[in-house]
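Structure first, then comments.
The values are calculated or read from the model by the stated rules, or taken from the named source; none is laboratory data. Since the structure is predicted, the reported quantities are computational estimates derived from the model, not experimental observations. FYI the Cβ positions are ideal-geometry reconstructions off the backbone, even for glycines, and counts take in every protein chain you see. Keep in mind that these areas ignore ligands, DNA and RNA; they rest on the heavy atoms of the full protein, side chains included. Shrake-Rupley method; radii C 1.70, N 1.55, O 1.52, S 1.80 Å.
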Amino acid sequence: MSKLQLWKQRFFYGSTDLAGNLIWQIVGLYLLFYYTTVMGISPAFVGTLFLVVRFIDAFDGVVYGFLIDHTHSKYGKSRPYFLWFGIPLGILTMALFFNPSFGGNKTFQLVWISVVYTLFSLVYSGANTPITAILPSLTKDPDERTNLASARMVMTNIGTAVIGAISLPMVAFLGGKNAERGWSIWGVIIGALIIVLFLGAFANLREQETEETPDGPEIKSHLSVKESLKGAAKNKPWVILSLSFILLQTFWVMRLQVAVYYLTYVYKRTDLVGLFNGLVICAVIGNISIPFLSKFMKHKSVMVLAMLTFAVGEAMMAFNSVPLLFAGNVISLIAMGAAFSIAFVMIADTVEYSRSELHIDEPGILSSVPMVGAKLGMGFGGALAGWILAWGGFDAAAKVQSAHAQTAIGTAFIWLPVIFAVLIAVILRAYKLDEDEVASAKAAKDSADKAAQTKLQND
């Protein structure tokens, strides 16, 4: 593959996660704020809604993963899902911020919000599960997989930075004094962009078919749901990584959703929200560091380092100092950029481990980790954020929050994420997969397969 083709593949692969994260970041950063302050819905209801929907769709990523493993089309296994679900996701993004008043009937409005949010969550999984599932089939080169994962997160964080920085100004520009109208128009713009990005990825990405092994243990594929889950459970590194990813998404979603409250009610600096959220562009530094760090450190070690660095940066923001607030945010974001990038590489490692060591080829099921983690994280993180705000006595109508409410906001924004990050670092001590050994075993196996294939042709 030429350099131009490599960069084209990296761009369009990255565009898939850029598309998904345009709405994911708006939901993470502003949906709780939008529901509580613009729509006037209680934070307790919103937090409960987030959690209930997670019980409905928490494991739909596994279902989509299973469907991907059993999909046979001329476009491949994963690629068709960008077409099938990219367009509905864009439409539901528009609907998410279009909330009719129903003549002032609050019950109808709450039902509408609940239905749209539930459908959005289900479709989001269908569009995003194949992003991770397609990675092992885009290239057989482990280093290029790392480059693809890095490119994916670079584009994601560039988009996220733009969304974080300009969403509130754009809403104000588009809606004037009518914030609800501004959010509705902004939702239409983002939804249309999501559709364009997913269609571009569908048109330009290509999957490589897995070569059959002439000799050696039979590779099992197209398993039943029960067999797939049993096979995944035997993959201990995957199990540990799954738990870590759920915790990672939980504290990250919680932090995202409470950030605007922290700056608005603790620092009392709403003018800093756009700049603070826009600094997510710094996560790109963490993204692009992964190909370099992975040459000198094990993937697990990179993740542990990222979690501990995040905890340090997060703790810095507890002090009543704007310079420390921004310095800590930059450190935390760089660490999270590295964490998410290496996490996707580690998932690809577990997929290869399953194939080479367990002789099971089910990349869809195994690659559903990010989606399951994201959904559970959104549920647990969103619920914790809403409940902690309610526990602290947060009052959306009050311009100044009580000391108890400010403590609750600080707990959700800083201290719980710190605790979760340290917990992940501890859990990963049990992660024993050595990607170098897996790569060496795969290289030896590929060499033996090629020799066997040559012998068959000569015979």
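Table for the structure above
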| quantity | calculated |
| --- | --- |
| Looking only at the range 99-116, and only at residues there that are within 18 Å of residue 185 (Cα to Cα) and modelled with pLDDT of 90 or more, the one that is farthest from the chain's Cα centre (by Cα) | 113 |
| Test: residue in the range 293-307 that is in contact with a Phe, Trp or Tyr (Cβ under 6 Å, 6 or more places away or on another chain), farther than 20 Å from residue 258 by Cβ and not aromatic (Phe, Trp, Tyr) | yes |
| Condition met for residue 164 (farther than 25 Å from residue 280 by Cα, outside any loop (DSSP other than H, G, I, E, B) and of a type outside the set (Phe, Trp, Tyr)) | no |
| Residues that are surrounded by 16 or more Cβ atoms within 10 Å (Cβ to Cβ) and part of a loop (DSSP other than H, G, I, E, B), drawn from the range 288-297 | 294 |
| Residue check, residue 130 more than 18 Å from residue 291 (Cβ to Cβ) and buried (at least 22 other Cβ atoms within 10 Å of the Cβ) | yes |
| Which listed residue is in contact (Cβ under 8 Å) with a residue 24 or more places away in the chain and part of a helix (DSSP H, G or I), from 41, 91 | 91 |
| Filter pass, residue 257 being modelled with pLDDT of 85 or more and open to solvent by less than 20 Å² (accessible area, probe 1.4 Å) | no |
| Per-region count, the range 164-194, residues touching a residue at least 60 places away in the same chain (Cβ under 8 Å), surrounded by fewer than 19 Cβ atoms within 10 Å (Cβ to Cβ) and within 20 Å of residue 123 (Cα to Cα) | 3 |
| Breaking point among (1) touching an Asp or Glu at 6+ places or on another chain (Cβ under 9 Å); (2) farther than 19 Å from residue 8 by Cα; (3) among the hydrophobic types (A, V, I, L, M, F, W, C), for residue 138 | (2) |
| Residue within the range 59-79 that is under 17 Å from the mean Cα position of the chain (by Cα), surrounded by fewer than 23 Cβ atoms within 10 Å (Cβ to Cβ) and not in a helix (DSSP H, G or I) present | yes |
| Residue among 285, 246 that is open to solvent by 10 Å² or more (accessible area, probe 1.4 Å), assigned to a helix (DSSP H, G or I) and modelled with pLDDT of 90 or more | 285 |
| Residue ID - surrounded by the most Cβ atoms within 10 Å (Cβ to Cβ), chosen from residues in the range 420-439 that are among the β-branched types (Val, Ile, Thr), in contact with a helix residue (DSSP H, G or I) (Cβ under 8 Å, 6 or more places away or on another chain) and modelled with pLDDT of 85 or more | 424 |
